[in-house]
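**Q** Here it is: the structure, laid out below.
The values are calculated or read from the model by the stated rules, or taken from the named source; none is laboratory data. This one's a predicted model, so the numbers in the text were calculated from it and none came from an experiment. All Cβ positions, glycine included, derive from the backbone under ideal geometry; neighbour counts span all protein chains shown.
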Amino acid sequence: MNYLYLIIPVVIFLFAGIRIVRPTHRGLIERLGKYHSLAAPGFHWIIPIIDRLFLVNVTEQMVDAEPQEIITNDNLNASVDAQVYFRVKSDEESVKGSIYNVNNYKWQIVNLARTTLRNIIGTLTLKSANSERGKINSELYRTLHEETKSWGIEIVRTELKEIDPPRDVQETMNKVVKAENEKIAAIDSATAAETVADGVKRAKIKEAEGYKQSKILHAEGEAEAIKLVNEAADKYFIGNAQLLRKLEALEASLGNNAKIVIPTGSDLVNIIGEMAGILPLERKQKEK
């Protein structure tokens, strides 16, 4: 029984010194108020009362800078909010810096971010602040990165959440944007209508040119036909017309019982003979 009184306190003392460090954390062991060693993930035993273990989260974390009213360079109050993503580096010096070089680094980061945003946006107009969000993010990141080096902290990125103007200014800006969009839409509509009209005009011109060309071709065809008719008439009709005229004159003379002396071998003798089925004597003799 006497041994139990000794064993139980020893067991309690041993169990009281057990510490488990997760992979997401690193530990700082202090002995009698002074830094002793770094506790990596895993099992550790510390001397109760004499040693203390402080855990530090080394995963990526986020803090919100919280909305604040900032007066821009054009004397407008803008509500600005941002988020900062950071992590404590896992090496021994960085873990020590996050505990010994800064008091509550999260709170410090928030206030530093708010102050930096006031300094940056205070030099910009509201319009330029909205259009230069990337520049504001870059300057905020650079300032935080430089100021937190000794804290053992790495600034991963910064995100500007919002830059909201006063309600009346926002309504005016919305009206301006709406008017500009309507103007652009009207210009696009007019351009489209002009394009359609130009297309119709070109189509009408093409149609007129086609009609003109068809008329020219038709006229050229008729002219060619008339030319062929005239050539045929000159070739076949003029001689027959003269011969017909001679026959009409002969018919009139015979009708009046007039005597006409026709030279032998003339076209008129041949025609009369052919009409009567009689060939001239000289021609028959030649055929014989």
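**Q** Taking the condition surrounded by 10 or more Cβ atoms within 10 Å (Cβ to Cβ), under 30 Å from the mean Cα position of the chain (by Cα) and either modelled with pLDDT of 80 or more or not aliphatic (A, V, I, L, M) (or both), does residue 162 pass? Give the steps one after another, and end with the answer.
**A** Values: surrounded by 10 or more Cβ atoms within 10 Å (Cβ to Cβ): yes; under 30 Å from the mean Cα position of the chain (by Cα): yes; either modelled with pLDDT of 80 or more or not aliphatic (A, V, I, L, M) (or both): yes.
So residue 162 fits the description; yes.
**Q** A follow-up question, please. Could you check residue 55 against (1) surrounded by fewer than 18 Cβ atoms within 10 Å (Cβ to Cβ); (2) closer than 30 Å to residue 165 by Cβ and say which number it fails?
**A** (2)
**Q** Can you pull out every residue in region 22-74 that is closer than 15 Å to residue 91 by Cα, among the aliphatic types (A, V, I, L, M) and under 58 Å from the mean Cα position of the chain (by Cα)?
**A** 28, 38, 39, 40, 55, 56, 58
**Q** In the set 69, 30, which member is surrounded by 14 or more Cβ atoms within 10 Å (Cβ to Cβ), of a type in the set (Asp, Glu) and assigned to a strand (DSSP E or B)? Please lay out each step first, then the result.
**A** Numbers: 69 fails: surrounded by 14 or more Cβ atoms within 10 Å (Cβ to Cβ).
None of the others qualify; the one that does is 30.
**Q** Of (1) basic (Lys, Arg); (2) surrounded by 10 or more Cβ atoms within 10 Å (Cβ to Cβ); (3) modelled with pLDDT under 90, residue 167 satisfies all except one. Which?
**A** For residue 167, the exception is condition (2).
**Q** Looking at region 121-131, can you tell me whether even one residue there is hydroxyl-bearing (Ser, Thr, Tyr) and touching a Leu at 6+ places or on another chain (Cβ under 7 Å)? Spell out the reasoning first.
**A** So the first thing to find is which residues in region 121-131 are hydroxyl-bearing (Ser, Thr, Tyr), and the list is 123, 125, 128, 131.
Next, only the ones that are touching a Leu at 6+ places or on another chain (Cβ under 7 Å) stay: none.
The answer is no; no qualifying residue exists.
**Q** Further, regarding this structure: Can you tell me which residue among 95, 56, 102 is in a loop (DSSP other than H, G, I, E, B), of a type in the set (Val, Ile, Thr) and more than 15 Å from residue 159 (Cβ to Cβ)? Talk me through it step by step, then tell me what you get.
**A** Details: 95 fails: in a loop (DSSP other than H, G, I, E, B); 56 fails: in a loop (DSSP other than H, G, I, E, B).
102 is the lone residue from the list that is in a loop (DSSP other than H, G, I, E, B), of a type in the set (Val, Ile, Thr) and more than 15 Å from residue 159 (Cβ to Cβ).
**Q** If you don't mind, another one. Determine the pairs where a residue that is more than 29 Å from residue 153 (Cα to Cα), located within region 8-31, has a partner that is surrounded by 15 or more Cβ atoms within 10 Å (Cβ to Cβ) and of a type in the set (Val, Ile, Thr) with Cβ atoms under 7 Å apart, the partner being 6 or more residues away or on another chain.
**A** Sorted first by the residue in region 8-31, then by its partner, the pairs are 17/46.
**Q** Additional query: What is the residue count in region 72-112 for residues that are of a type in the set (S, T, N, Q), buried (at least 20 other Cβ atoms within 10 Å of the Cβ) and closer than 30 Å to residue 130 by Cβ?
**A** 1
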